[in-house]
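The values are calculated or read from the model by the stated rules, or taken from the named source; none is laboratory data. On a predicted model such as this, the values are computed, not experimentally measured, just so you know. Using ideal geometry, Cβ is built from the backbone for each residue, glycine included, and neighbour counts are taken over all protein chains shown.
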Amino acid sequence: MDRRHFLELGVVGALGLGLGGVGGLGGCSRGGRRPDIYLIVVDSLRADRLGCYGHEQAQTPALDALALDSLLFRRCLSAAPWTSASVAAMLTGQFPSTLGIRDRPVRFDPGYPTLPGTLHEHGYRTSGIVSVDMLSKELGFAAGFDSYDDANYTGREGLTAARVMGKAKRLVAAADDTPTFALLHVFDPHYNYIHHEGWAAGSDYRGPVRSNHEIVELWGMLDRLDDADRNFLSACYDSEVAYTDRHIGAFLDELHAAGRYDDALIIVTGDHGEEFFERGWLGHSISVHREQIHVPLLVKMPGNRHADIATAVSLLDIFPSLLQATGIEPPAGLEGSAHDWSSKDGVLKRPVFSETFHAQQHRPGGMQPIALAAVEFGGFKMIRDGQAGHTVVYDLAADPDERQPRRVGNVDADQTLQRLLSDWWDHVDEKRRGARTRDATQLLDTDQLERLRTLGYI
Ligand SMILES: [Zn+2]
């Protein structure tokens, strides 16, 4: 196997590369104390639906204000367009396939160091507060957390932001000299989409789609929906994002009031995006196009430095970059890249990979296996469809919405992407064969499984 090009670009830290810039670990702790870290993950949050990313209909004042104190990454991509795969990749710095997460929810390979586990070893008190069964203890997500609260999902009509952020506020109130790491995951923008009270857009809509409409039923109606129906769904999503923003804002207010905001390291991101009919689908998990994988990434460093960063980065990069920012040596073998968040030029230009093998049984034609992988590098994006056996390229400067695929040409940029993608594919294929996983259906209880069924995941 020729991994030369894959490695030249520093992708596989496991083999001793990819962690450029780790030297000189001084950390950014003030007065010897490491910063409190809050990693806020909003489920199914597209970057382009926040005000700070240019969405005019957005009502996201809290995140827009946070963005002014943060590194704002214009182009952050999730490793996969579905929750378990993406969050596991974020918490381990490994590709989903490496962890053995492919076409269904599983308990992922427990043999990899985790971000919370590493922080715990360096004196952090680690808490996870999450709100969907895809992130259950049973699937391995509690590894490295001192406490893990995965009981915040109150049903698909339930709202999670008030509950999760309410608990997060109590963490702040109880904080002492021990540094905190908290993973805070809220679910609200994920379907079902709710039209929240007081949200103007869509309030005069009188069509067949309801607020909180069952997603499986909506999928059965997709070919009958007109523009008004689609606009209503989109308005519901915006209203869920606004609702989430309000509760994140209340949490940030609590940090300010406690005098703990300026010194904290706060990250806000999404686990994946959400398609609103760009390619005929509603939801996520089945494509590696922009709408399903382009997520916001705000990194508020201690001291509140703003910068606008266009370089493409991956959610896998959070683990090594966060450790670098706190002066902790990352464990060997991370597949993400360590960026220096404290320096103007600290964000490295690296290929960014995304993947999905998670088919959708509710698509027309039923369950058809999918095998999609993408690499983005140097302003181009290549997508390989392993089922159809073809590969296409998009020029992102001319075609940011990825509408005009072209065949792989005999030009340097295409050849580089093709080698990167082939080497990556071989690499994860080898890794996943050795991964120790267990099927979720053997691990979750009947209530958990029923909730995943109503979301169309199993
Ligand atoms: Zn998700």
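With small (G, A, S), farther than 26 Å from G117 by Cα and under 17 Å from the mean Cα position of the chain (by Cα) as the only criterion, which of A359, A373 stands out?
So the residue among A359, A373 that is small (G, A, S), farther than 26 Å from G117 by Cα and under 17 Å from the mean Cα position of the chain (by Cα) is A373.
Report whether or not V172 is modelled with pLDDT of 95 or more, within 16 Å of the ligand (Cβ to nearest atom) and part of a helix (DSSP H, G or I).
no
May I ask you to verify whether G273 is touching a residue at least 60 places away in the same chain (Cβ under 8 Å), in a loop (DSSP other than H, G, I, E, B) and either within 16 Å of the ligand (Cβ to nearest atom) or touching a strand residue (DSSP E or B) at 6+ places or on another chain (Cβ under 7 Å) (or both)?
The answer is yes for G273.
What residue, among those in region 144-169 that are small (G, A, S), more than 16 Å from the ligand (Cβ to nearest atom) and not in a strand (DSSP E or B), is surrounded by the fewest Cβ atoms within 10 Å (Cβ to Cβ)?
Taking the candidates together, the pick is G155.
Name the one entry in H120, H185 that is at pLDDT 95 or above and in a strand (DSSP E or B).
H185
Identify all residues within region 337-390 that are farther than 22 Å from G273 by Cβ and either outside any loop (DSSP other than H, G, I, E, B) or of a type in the set (V, I, T) (or both); write none if there are none.
Residue satisfying the conditions is H390 alone.
Determine whether A58 is small (G, A, S), under 22 Å from T311 (Cβ atoms) and part of a loop (DSSP other than H, G, I, E, B).
It is false that A58 is small (G, A, S), under 22 Å from T311 (Cβ atoms) and part of a loop (DSSP other than H, G, I, E, B).
Restrict the check to region 186-196 and report whether at least one residue is under 19 Å from the mean Cα position of the chain (by Cα), within 16 Å of the ligand (Cβ to nearest atom) and over 29 Å from M367 (Cβ atoms).
yes
Any idea which residue in region 319-336 is surrounded by the most Cβ atoms within 10 Å (Cβ to Cβ), counting only those that are among the small types (G, A, S) and assigned to a loop (DSSP other than H, G, I, E, B)?
Out of the qualifying residues, it is G336.
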